[in-house]
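All remarks here apply to the structure that follows.
Every number in this text was worked out from the coordinates using simple rules, so none of it is lab data. Being a predicted model, the structure only gives us computed values, none of them experimental. Backbone-built Cβ (ideal geometry, glycine too); neighbour counts: all protein chains shown.
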Amino acid sequence: MKKRTFNTLFMLCSFDGKISTGNSDERDFDKDFPRVNGIKEGLSQYYELEKKTDIHSFNTGKVFAKIGINKVQKIEKMLVSFIIVDNNHLSSVGVDNLIQRSKRLYLVTSNKNHPAFHRKEQLELIYYPKRVDFSNLFQRLKRKYDIKSVTIQSGGTMNSMLLRKNLIDRLSIVIAPCVVGGKDTPTLVDGDSLCSIGDLKKIKNLRLLKMEKLRRSYIHLVYEVL
């Protein structure tokens, strides 16, 4: 039995592996796909699958800042508890909004001046003095908070780091019927490129568990990370 949480990377991507429609904060699947004919008609299937994921969702402050969490707005309470890693992307407004949105908010940071420290009575604040130790984090979530499984929906750089640290157990990927392109557009797994023969050990082998053809040419793939 694992000493840490069981972690599933659940993402929507294009056929060419992009997780955004462009390389700026203005471009976003949630914002742009509903405008694109041939994609918008089947998009609801992804959101239906998302509702069936774990009640604990791991993400980053950078991703939430991109979708506007730092703006004053009316917040709808969700049944999901968010585990958010952030050092400098969330404002005090963003933290308040996440507290209101989450069933329970777990804020992970190595910034001792993070605005979450002013609201620590209303959230679980997990502080690392130097840098976040992700192996320890997922062990801690299971040991201290009795969290058994987590759905990860972060950006390509974080996804890469977690994969290379062997902290992702399963991939659940919905492929939209489109090609986005753009060498600077974020992909499912970014991070540093492989250079040497020794780097080949960083390639992760997968075993296909499920392949489902959805409506409107969408595909749902589930892989075990070996």
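Phi-derived couplings, Karplus 6.51 cos²θ - 1.76 cosθ + 1.60 at θ = phi - 60°, listed residue by residue for the stretch 102-109: 7, 5, 8, 9, 10, 10, 10, 8 Hz, with x used for Gly and Pro. In order along the stretch 197-207, the phi-based Karplus estimate (6.51 cos²θ - 1.76 cosθ + 1.60, θ = phi - 60°) of 3J(HN,Hα) comes to 4, x, 5, 4, 5, 7, 5, 9, 7, 10, 10 Hz; Gly and Pro are listed as x.
A cut-off of 5 Å between modelled amide H atoms, ignoring neighbours fewer than 5 places along the same chain, links LEU214 with ILE219, HIS220.
Taking the Cα centroid of the stretch 187-226 and of the stretch 114-169, what is the distance between the two, rounded to the nearest whole Å? If you average the Cα positions of each part, the centres end up 22 Å apart. Taking the number of Cβ atoms within 10 Å of each Cβ as an exposure proxy, the fewest-first ranking of ILE147, ILE83, ILE203 is ILE203, ILE147, ILE83. On a per residue basis, the convex hull of the C-alpha atoms belonging to the chain measures out at 140 Å³. Put simply, the stretch 139-181 fits an ellipsoid with semi-axes of 27, 13, 8 Å; these come from the alpha carbon gyration tensor as the roots of five times its eigenvalues, largest first. Name the residues whose placed amide hydrogens come within less than 5 Å of the amide hydrogen of SER149, ignoring near sequence neighbours (fewer than 5 apart) on the same chain. Correct list: PHE6.
When the Cα positions of ILE203, GLY68, ILE168 are compared along the charge dipole of the stretch 6-225, ILE168 comes out farthest toward the positive end, with charges on each C-beta of Lys, Arg, Asp and Glu. Under the criterion of Cα pairs below 8 Å and six or more residues apart, the relative contact order for the chain equals 30 percent.
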